[in-house]
Each structure stands twice: as C-alpha cells, then as structure tokens.
Amino acid sequence: MNTASRRVTLVAAATSVLCALSAGAPATSPSLYARLGGEPVVKAVVDETIDAVVADPRLNQSFKGTDIPRIKRLIVEQICDLAGGGCHYSGDSMRDVHANHKISQAQFFGLVEDLRQALRRHHVNLPARNELLALLAPMAPDVINVVIPPPPKGPAS
C-alpha cells in the first residue's frame, strides 16, 4: 500500500470512529426553562398570571389575605425546578398549600387560562407552552377541592 492509500485509509478509519462516537453521544438541547425564556420571562409570566387571577372575582377567593409577592416567588421557583432551570422548590406541597381553600375545577382552569395567555403574550412557543402545562397538570388533584380534616382533639383535661 502506498503512502497516499494509507492516508486515505487512516482518514476514513478516523472519520468512522468519530462518527460512531458522536452517534452515541446524546445531543444537548436547551432545558425547558431556557426555552421558556429563563428567569425574566418566567417571572413576567407568573406576575401577570397571578395579577390577573387576583383581579378576577371569579378566581381570587383563595388569594385573599395571602402574601402575593411570596406566592409569586415560590411559583417562579417551582417552574424553574420543574423545567430544569437548576432551582430547588422550597415551598410546601401543593396538597398542603391548597387544602381547605375550596378551589373549584373552574377556578383551577381559569388560572390555567390566564397562564396560557401570559405565555402567549411573552411569545413562548407552542411546544414549550404545552410541555410546561404537561408538567403542571398532574398537580390538579392536589389543588382542586382538597380537604384535609383538622387533627383530632386530644383527651379533655
């Protein structure tokens, strides 16, 4: 085999090895959090959503007397956590947070609609919107009409 043939064979072999190695490597794609627009967009979407819910008398009953800035901060944190943004949600469970607030299915879906509108206003594309909603949807049973009975009273003294 002459020198030119060896070089062609060596280049072909090296290319084959590189192709095989790269085929097995997973493609890195941006996280859902990044595709949503990161913290600026998530924060703006949450602010708008909660402001709309609080302003709507059909939806706002469970927000009366609450710390709205804290709620917004925790929702941003939760979305960041769920969407792969590197945050850790530090709030209580959805069941504990929403227990005994008498949140109806209509109120829950009203908030979801406000969220969808805010996502659209901030130009979040349809696949990212749907992916976020798919992450949030399983929370519905822990939000809608959750009743936790009070703990039993101890023996009378």
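Please treat every number below as a calculation from the coordinates, not as lab data. The structure presented is a predicted model; accordingly, all values stated were derived computationally and were not measured. Neighbour counts are summed over all protein chains in view; Cβ atoms, including those assigned to glycine, are modelled from backbone coordinates with ideal geometry.
In table form, for the structure just shown:
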read-out: Residue in the stretch 29-65 that is nearest to the chain's Cα centre (by Cα), counting only those that are in a helix (DSSP H, G or I) and of a type in the set (Asp, Glu); value: Glu39
read-out: Within the stretch 66-96, considering residues that are aliphatic (A, V, I, L, M), within 17 Å of the chain's Cα centre (by Cα) and assigned to a helix (DSSP H, G or I), the one surrounded by the most Cβ atoms within 10 Å (Cβ to Cβ); value: Ile79
read-out: Qualifying residue in the stretch 67-80 (condition: closer than 21 Å to Ser29 by Cα, of a type outside the set (Gly, Ala, Ser) and in contact (Cβ under 8 Å) with a residue 24 or more places away in the chain); value: yes
read-out: Candidates Ala83, Ala134 - the one that is among the small types (Gly, Ala, Ser), in contact with a Ser or Thr (Cβ under 7 Å, 6 or more places away or on another chain), under 19 Å from Ala34 (Cβ atoms) and free of Cβ contacts under 8 Å to residues at least 60 places away in the same chain; value: Ala83
read-out: Matching option when the condition is β-branched (Val, Ile, Thr) and closer than 18 Å to Leu132 by Cβ, among Val112, Val97; value: Val112
